[in-house]
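One structure is given here, and the rest of the page talks about it.
The values are calculated or read from the model by the stated rules, or taken from the named source; none is laboratory data. Everything numeric here is computed off the predicted structure, so don't read it as measured data. In this analysis, Cβ positions are derived from the backbone assuming ideal geometry, glycine residues included, and neighbour counts consider all displayed protein chains.
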């Protein structure tokens with residue numbers, strides 16, 4: 001019996017803030033973000049879960065060159081969507097993210 005894997009796949013969605021932030025980054029960083037999004041879709045629980053005011057948000061960390069970037073996302077398990085919230089460097093990332101939510 002063949003399993004219907006298409007029904008179990010997660011789909012990406014993006015908050016407007018995420019799209020604005022991504023557009024401002026260099027092409028190599030944008031490509032790295034695309035790879036991270038694909039990794040999230042393959043394993044949605046791979047990001048580190050946050051606590052407190054950011055409860056429900058997960059963050060994946062990745063580097064491009066010598067720079068550390070963070071990608072914040074939420075999961076909508078009913079719609080099987082991974083919603084990308086924000087991307088950027090660590091400096092004031094969490095404070096801005098808490099203000100956005």
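Some values worked out for this structure:
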quantity	calculated
Filter result for residue 25 (modelled with pLDDT of 95 or more and part of a loop (DSSP other than H, G, I, E, B))	yes
Candidate set from the range 61-73 (those that are buried (at least 18 other Cβ atoms within 10 Å of the Cβ) and over 13 Å from residue 28 (Cα atoms)); member that is farthest from the chain's Cα centre (by Cα)	70
Residues located in the range 35-51, provided they are part of a helix (DSSP H, G or I) and closer than 19 Å to residue 79 by Cα	37, 38, 39, 40, 41, 42, 44, 45, 46
Some residue of the range 64-81 being over 16 Å from residue 22 (Cα atoms) and part of a helix (DSSP H, G or I)	no
Positions within the range 82-101 being part of a helix (DSSP H, G or I) and surrounded by 19 or more Cβ atoms within 10 Å (Cβ to Cβ), in sequence order	97
